[in-house]
């Protein structure tokens, strides 16, 4: 089985890669029937020389490979027919902007495996960049706070080498006695928590957060069972919420009255209530002034997120009265950081973490007859047709929705 590491071609450029040079070396050492070719790239965070130095072949010979591994969508003109591809296709939610991509994948007889649907038997994702989105998102949120109030300046995350450098920069600043709310306990939320803990910030309970005042900055991390409540008053739990989101209403507004800086790292599912609405943000007791929306659902559960921002211009202001964008440094504005490709700012760390998971959970499936069904569950297209698991996309492909 010959794997090809393809060059990322989507703009803006993405420097990440599925397998680092060391990861490639480990794949070859663990699987005697595996071969690897890395397509040359001038933007990849690991240079061609770094791969060559470890004995990995670097050549423009992707047509010789059986399986092609990438991160972002491959431009249609660069797709090679009848190959197996792994990348984030951004089609499983029927994203309109990638309909033509999925149609081309089908027309070219490609077997498409989407990273987003690589799961175990419990339908839990096995490979993701979420942890690094949380890490960078939390850092960017603190940077936004400093710029909003003119209290400190932090360098952009993209100009720092790795997570330890981010934490080192954060430990140079002095925060006022603010309350920081973090939603989510998954990869994203826990990645953000690594930053908060790296700053040695005090973690407090929900009761302490809501009722007490502190002489130092503190944070509180909550999950779905704490920011939602059942409509019928019965005590709910996280499992019930995910199974029956329509039975819940938000319980988050109690936190908006005491929170200065909010980091949104939760998962938002269809039918779930918004954490806060645009009307909520108009209330005089709505205290939040900085939002780092790592989840970045536009016009969704975090109502102040009205558009994604970019690595180049990561912060914008939201005026809660007019519901329009404004200068984030305006006194009345809520500063919003909503970059939707945060892991790109920490490409080396993100690639190494992703590659470790890919080596552990995906590569072996090619050599053990896919005994755990990892490949089968992630396979979206085969022989020019959608697989049964993804047949729900047929109307989307046909342009009927």
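Where a number appears in this text, it was derived from the coordinates with a stated rule and is not lab data. What you see is a predicted model, and the numbers here were worked out from it, not measured in a lab. Cβ atoms come from the backbone with ideal geometry, glycine included; neighbour counts cover every protein chain shown.
A compact table of results
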read-out: Counting DSSP beta bridges with both ends in the chain, the antiparallel % (nearest 5); value: 30 percent
read-out: Length-normalised contact order for the range 130-345 - Cα pairs under 8 Å, 6+ apart - percent; value: 22 percent
read-out: Ranked 391, 41, criterion: other C-beta atoms within 10 Å, fewest first; value: 391, 41
read-out: Antiparallel DSSP beta bridges within the range 130-345, as percent of all bridges there, nearest 5; value: 35 percent
read-out: Residues residue 152 and residue 326, FRET efficiency given R0 of 25 Å [Cβ-Cβ distance, rounded to 0.05]; value: 0.65
read-out: Gaussian network model of the chain, springs between alpha carbon atoms under 10 Å - residue of 78, 197, 14 with greatest fluctuation; value: 78
read-out: Gaussian network model of the chain, Cα within-10 Å springs - most flexible of 50, 211, 247; value: 211
read-out: Exposure proxy ranking, count of Cβ atoms within 10 Å, fewest first, for 15, 44; value: 15, 44
read-out: Theoretical ellipticity at 222 nm over the chain - DSSP helices of four or more residues, -39500 (n - 2.57) apiece, nearest 500; value: -7500 deg cm²/dmol
read-out: D_trans [Stokes-Einstein, Kirkwood Rh over alpha-carbon pairs] for the range 113-232, 20 °C, 1.002 mPa s, µm² s⁻¹; value: 134 µm²/s
read-out: Stretchable slack from residue 93 to residue 10, in nm (0.36 nm times residue separation minus alpha-carbon distance); value: 27.9 nm
read-out: Whole-Å distance, taken between Cα centres, linking the range 43-87 and the range 178-228; value: 40 Å
read-out: Pair residue 394, residue 298: separation of 7 Å Cα→Cβ label points (nm); value: 3.0 nm
read-out: Estimated distance in nm for a label pair at residue 80 and residue 54, the labels positioned 7 Å out from Cα along Cα-to-Cβ; value: 2.1 nm
read-out: Candidate values [x] 63, 47, 36; [y] 66, 51, 39; [z] 74, 54, 40, label of the one derived for Cα extents along the principal axes in Å; value: [x]
read-out: Full-stretch length increase - residue 103, residue 310 - with 0.36 nm per residue and alpha-carbon distance subtracted; value: 71.7 nm
read-out: Contact order normalised by residue count of the chain, Cα under 8 Å, 6+ apart, percent; value: 18 percent
read-out: Gaussian network model of the chain, springs between alpha carbon atoms under 10 Å - residue of 210, 196, 54 with greatest fluctuation; value: 54
read-out: Burial ordering of 222, 180, fewest other beta-carbon atoms within 10 Å first; value: 222, 180
read-out: In nm, spacing of pseudo-spin labels at residue 282 and residue 239 (7 Å Cα→C-beta vector); value: 4.1 nm
